[in-house]
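Okay, so here's the structure we're looking at.
The values are calculated or read from the model by the stated rules, or taken from the named source; none is laboratory data. Worth saying up front: this structure is predicted, and the values here are computed from it rather than measured. Here the Cβ is made from the backbone with ideal geometry for all residues, glycine too, and neighbour counts use every protein chain on show. Remember, those area values only see protein heavy atoms, side chains included, never the ligands or the DNA or RNA. Shrake-Rupley method; radii C 1.70, N 1.55, O 1.52, S 1.80 Å.
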Amino acid sequence: MAEHYYTANPTTAHDEHTWTFTLFDKQLTFTTDAGVFSKGTVDYGTRTMLMAFNQDIPAGKILDLGAGYGPVAISLAKVMPEREFVAAEINARAVELVARNAEQNHVAQQISVRQSDRYEQVSGKFAAILTNPPVRAGKQIVTDMIAGAVDHLVDGGTLTVVLQKKQGAPSAKKLMAELFGNVQTIAKDKGYYILESRYGSTINS
């Protein structure tokens, strides 16, 4: 069975490449490697989530959960220079790449990188959590990443998730509605659904 990217210590032979990509009209440079998700380009789901992300959020840090090599945290740090970010990722190879990519895109001072299985090494509460969950790792991992957000958001904070319809977007939407009491599909494109819930006791009153 081929090793997938949701692996703490990938054993795939290294195959590094450095390339540029434009997000939010900023040209970014990414170094990627074998054994990490979407190593050749910023995947379409992540791009769609970034473009749809509502930056109207409370004060506080932003969590990029399942950060890969860092395109979400790094691109948002460029356009939200007042914010601090935590990039959490299980894959040790990707963790190293996030740190290197943050450095080469001059946002290292804004981004703390953690090797973390889901929320294991994540503490505190966040103004926003964004995730492109690792569907290939199985439904339980995806469910945990969504459900765990409840304990890690400040009042008024948002969870933003990208999933394809065929990969479980409808069931994720139902789960988010149950957990948060609210959920919106803020974008749909090429089968990708961008789902957003807002946390807080006063949101639905």
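Side notes on the structure shown:
- In order along the range 48-64, phi translates into HN-Hα couplings of 5, 5, 4, 5, 8, 4, 7, 7, 7, 10, x, 5, x, 6, 10, 9, 9 Hz, rounded to whole numbers, per the Karplus curve 6.51 cos²θ - 1.76 cosθ + 1.60 with θ = phi - 60° and x for Gly and Pro.
- Summarising the strand pairing of the chain, around 50 percent of its internal DSSP beta bridges are antiparallel.
- Taking amide H as placed 1.01 Å from N in the peptide plane, the amide H of LEU163 sits under 5 Å from that of TYR193, LEU195, each at least 5 places away or on another chain.
- Net charge of the neighbourhood of SER171, taken over other residues with C-beta under 11 Å away and scored Lys/Arg +1, Asp/Glu -1, is +3.
- Heavy atoms of the protein chains alone define the surface here; on that basis the chain has 45 Å² accessible area per residue at 1.4 Å probe size.
- Take the convex hull of the alpha carbons in the range 154-203; its mean projected area over all directions comes to 3.1 nm².
- The HN-Hα couplings worked out from phi for the range 22-32 by the Karplus form 6.51 cos²θ - 1.76 cosθ + 1.60 (θ = phi - 60°) are 9, 10, 6, 6, 10, 7, 10, 10, 10, 9, 10 Hz, whole numbers, x standing for Gly and Pro.
- Taking the Cα centre of the chain as reference, the dipole from Cβ charges on Lys and Arg (+1) and Asp and Glu (-1) amounts to some 560 debye.
- Binning all Cα-Cα separations of the range 47-131 at 5 Å, short to long from zero, yields these whole-percent fractions: 3, 17, 30, 26, 19, 6, 0.
- Between LYS190 and SER123, the FRET efficiency estimated from the beta carbon spacing at R0 = 35 angstrom works out to 0.45.
- Gain on full stretching of the segment that runs from THR29 to ASP144 - 0.36 nm per residue minus C-alpha separation: 38.3 nm
- Only protein atoms count toward the accessible area here, which uses a 1.4 Å probe; on the chain, the carbon and sulfur part of that area reaches 48 percent.
- Neighbour-limited loop hits for GluC sites (Glu not before Pro), the range 50-93 (at most 13 other Cβ within 10 Å; DSSP other than H, G, I, E, B): GLU82
- Rg over Rh [alpha-carbon atoms, Kirkwood Rh] for the range 59-205: 0.95
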